[in-house]
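Beneath this line is the structure, given in structure tokens, with notes to follow.
Every number in this text was worked out from the coordinates using simple rules, so none of it is lab data. As the structure is a computational prediction, the values presented were derived from the model and not from experiment. In this analysis, Cβ positions are derived from the backbone assuming ideal geometry, glycine residues included, and neighbour counts consider all displayed protein chains.
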Amino acid sequence: MSRIASVLLPMPLPEAFDYAEPEGMDLVVGDQVAAPLGPRLMRGVVVALREGAGGNRPLKAIDRRLDEPSLPANTLEFVQWAARYAVDAPGQPLAIALRGARAPKAKPVRVTRPTGLQPARPTAARTKVLQAALDQALSPADLARAAGVSSGVVKGLVDEGVLQVFEIVPEASFDEPDLSRPGSALNLSQAAAAGLLKEMVDEGCFNVALLDGVTGSGKTEVYLEAAAHSLAKDPLAQVLVLLPEIALTQAVISRVADRFGAQPGEWHSGVAPPARRRVWEAVAAGRCRIVVGARSALFLPFANLKLIVVDEEHDGSFKQEEGFIYHARDLAVVRGKIEQAAVLLASATPSLETLRNAETGRYRWLRLSSRHGTAQLPEIELVDLRATPPASGAWLSPPLVQAIGETLERGEQTLLFLNRRGYAPLVLCKACGERMTAPDTDSWLVEHRYSGRLVCHLTGFSMPKPARCPHCAALDSLVSIGPGVERVEEEARLLFPQARITVFSSDTVFDAREAKRLVESMAQGEIDILVATQAAAKGHNFPKLTLVGVVDADLGLRGGDLRAAERTFQLLAQATGRAGRKDRPGKALLQTYAPEHAVMQALQAQDRDAFVAAEMEERELAKLPPFGRLAAVIASGPDMTQLEAFMREMAQAAPNAEGVEVYGPADAPLSLVRGRRRKRFLVRADRGVDLSAYMTTWRARVKPPNAIRVAIDIDPYSFL
Ligand SMILES: [Zn+2]
């Protein structure tokens, strides 16, 4: 009896395709195969096998099974679940799961080994080479370097047969974590939380806990103890630590390496393809037991995943907004359920969604009340910019300038926080009022002085700053409006010419290694004033940092979307929490035009619970998340008339369902991106509604013209 194999291809196709299994191939579900698609062979994964032939039309046959690790059943189940949830093609998350498998395999490396023969003419140089070759397997060139001799000496020994050169393919392996190492000393609050987490791990089934502790309360030490316990309990257990930013991975990797005496697998977009391949293979084989990575690490083919930690769980960066749209924190809980693993969500400012789950008892709630060691929470002051405005054309108010001066005099450090890259967010012509925008996108161009260019942060478009206004041709008429970090740095340099000042943003710190160097330099006191975007506001410990100045505390409130207040509170609580971490008391100054706003009042009083209670009440009244659910539909196309006609058709096709309201169509706030017009619907549903199923039904009722793209975003975070 022949069999039919359903093969899922890592492409945006609605379903798996059927192929005939050639005689004797003996496939199993999860195998990677090469299957014909049109004239080409494609990599795919077998998701089902059944008896039978192809019916009337003979099926194409699978070409071959690939010599690659199979995807575990749990990983496949997760991929398919994620696609259903996100109302997207299952090939999309599969492509993420196969990212490591599609990276090139490691190339063979040349190593030099002694053969046991003695050199005919032993010289000091030759003895040094032999010693170095015994210590380590190195290439001939590296061996010469390690021994401090010329390459001719090594070559002579090879020619003589004393050394031999081999080609080996480095195995994808990672050192076993050393579980005999002691953990950090924990305070009472940490020890209690770690104890509860260990109990949770011991239950050996799916469980979620919120580790809720103020900045500096030592959450990392606590979750590393849970990880140690999980690894010790089951010699095959694997642990995944998810982080929102690549910039944070290096710090956490160092902590993990210190704790376990072994490097964890590192997984994010900055990891080179061969290294990515190595992690992927080792994770599939169970040889990599700890992975530290960004959101896509959730799709790795874990053989035996037992604990998932989502650090800074509230962070918006866990939401993937392009391609396959998903929220890594929410999917981490799903993956935990499929794997029967423990899931630990950690934050100083948990999301309202997670807090709601903790309040209702769905998640365990572990609170770390005090700061670690002797550190105190910083004192927070609101600077009312209406009463004490900065000088004209400046951005730092007199109280903040004075505080920076005093901090410098004490030899301590200042963080000036402004979540805006570049020099100025807007450039306009003072002759005609024209605002500089990108040619195919309706967002303002941001001026960058370091590069001398105007940049669209949405699409990456950039151009040199023109000498003349492109609209009215006036010469030297373009003026920079508002501050970005580069402009604040310029002002700080004018005010404090003797201070060492550095900017930390994704323009100055573009990879994990650079971030690590800057963080170390700050930690060692080589920087007096750090002007930073949110890249520096998270997770880092700077013992000499005692002043945080928030340049524009109102910035995040202006967008006015559902989560504006929550996000502003979280971001500023994180930023101000950087101050005063060792035994020095810290202070944070928030410059605001709205000191009476609930967010500012809660920040000043350091009363998170009051803020959360007020915000929850508003959301509950409006039946918004976490008391209801949202989905967005964004349709885009080159032609407005066609797009509008399609949106009308789509509005007509919306299913009627109890507890579901559809708003729109409306212009998206960003109504033109890369030459495409954008329109959107917003859907609100009661909690009990299967929103994914509703959206799937709706989506199936309309067939967009070829030029129109429809994206569905379940639980949207961006309302642009
Ligand atoms: Zn002009």
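Of note:
- For the peptides 402-408, 201-207, 275-281, the ranking by mean Cβ contacts within 10 Å, running from highest to lowest, is 275-281, 402-408, 201-207.
- Label point 7 Å beyond Cα of SER173 along Cβ direction - residues of segment 280-307 with amide nitrogen under 17 Å: 280-290
- Here the residues GLU381, GLU339, GLU490, ranked from fewest to most Cβ neighbours within 10 Å of their Cβ, fall in the order GLU381, GLU490, GLU339.
- Farthest toward positive dipole pole in segment 590-679 [+1 Lys/Arg, -1 Asp/Glu at C-beta], among ALA668, MET616, THR641: THR641
- Gain upon complete extension [ARG517, ARG367; 0.36 nm per residue less C-alpha separation]: 50.8 nm
- The residues ASP552, ASP511, ASP258, when put in order of fewest to most other Cβ atoms within 10 Å, stand as ASP258, ASP511, ASP552.
- Gyration tensor (alpha-carbon) shape descriptor, segment 6-80, a/c threshold 1.5: rounded
- Here LYS60 is the anchor, and the aspartates and glutamates within straight C-alpha reach of less than 17 Å, apart from those fewer than 8 places off in the same chain, are GLU15, ASP18, GLU21, GLU23, ASP26, GLU51.
- Cross-linked pairs LYS337/LYS623; LYS233/LYS319; LYS319/LYS703; LYS679/LYS703: Cα-Cα separations exceed 21 Å for LYS337/LYS623; LYS233/LYS319; LYS319/LYS703.
- Looking at segment 477-607, the DSSP beta bridges with both ends there are about 0 percent antiparallel.
- Only Cα pairs under 8 Å and 6+ residues apart enter the sum, and on that basis the relative contact order of the chain stands at 11 percent.
- When the Cα gyration tensor is reduced to axis lengths a ≥ b ≥ c, the ratio a/c is 1.5 or higher for segment 390-537, and with a/b not above b/c it is classed as oblate.
- Translational D in µm²/s for segment 588-637 (Stokes-Einstein at 4 °C, 1.567 mPa s, Kirkwood Rh from C-alpha pairs): 98 µm²/s
- Using a Förster distance of 22 Å, the FRET efficiency for ASP607-SER718 (Cβ separation, nearest 0.05): 0.15
- MET25-ASP202 pseudo-label distance in nm [points 7 Å out on the Cα-to-Cβ vector]: 4.9 nm
- Isolated Cys in the chain, by beta carbon distance under 4.7 Å: CYS205, CYS288, CYS456
- With eigenvalues of the C-alpha gyration tensor scaled by 5 and rooted, segment 106-241, Å: 51, 16, 12
- Shape of segment 1-47, Cα gyration tensor, a/c cut at 1.5: prolate
- Rounded Å value of the spacing that divides the Cα centres of segment 171-229 and segment 379-403: 42 Å
- Charged neighbours of GLY270, selected by a Cβ distance under 13 Å, balance to -1 (K, R count +1; D, E count -1).
- Listed residues PRO704, LEU37, LEU231: farthest to the positive end of the dipole of the chain (Cβ charges): LEU37
- Once divided by 2.2 N^0.38 Å, the Cα radius of gyration of segment 110-164 becomes 0.93.
- Here's the picture: a label point sits 7 Å out from the Cα of ALA124 along the beta-carbon direction, and within segment 132-160 the residues with their amide nitrogen under 15 Å of it are 147-150.
- Residue-span extension gain [ALA467 to LYS430] - 0.36 nm each, minus C-alpha spacing: 12.0 nm
- Translational diffusion of the chain was estimated from the Stokes-Einstein equation, with Rh taken as the Kirkwood radius over Cα pairs; at 10 °C and 1.306 mPa s the coefficient is 55 µm²/s.
- For segment 576-632: relative contact order, % (alpha-carbon pairs under 8 angstrom, 6 or more apart): 14 percent
- All alpha carbon pair distances within segment 229-369 were sorted into 10 Å bins beginning at 0; the resulting P(r) in whole percents reads 11, 43, 37, 9, 0.
- Residues ASP311, ASP175, ASP507, ASP159, sorted so that the one with the fewest Cβ neighbours within 10 Å comes first: ASP159, ASP175, ASP507, ASP311
- When only Cα pairs below 8 angstrom with a gap of at least 6 residues are kept, segment 520-574 shows a relative contact order of 32 percent.
- Within segment 667-707, backbone nitrogen closer than 12 Å to the virtual label 7 Å beyond the Cα of GLU644 toward Cβ: 667
- Within straight-line cross-link reach of LYS128, lysines at Cα separation under 20 Å, skipping those fewer than 8 residues along the same chain: LYS155
- Cα-based Rg of segment 597-690 normalised by 2.2 N^0.38 Å, two decimals: 1.45
- Bridging of LYS544 to lysines at a Cα separation below 16 Å is possible for LYS582, LYS587, once same-chain residues fewer than 8 apart are set aside.
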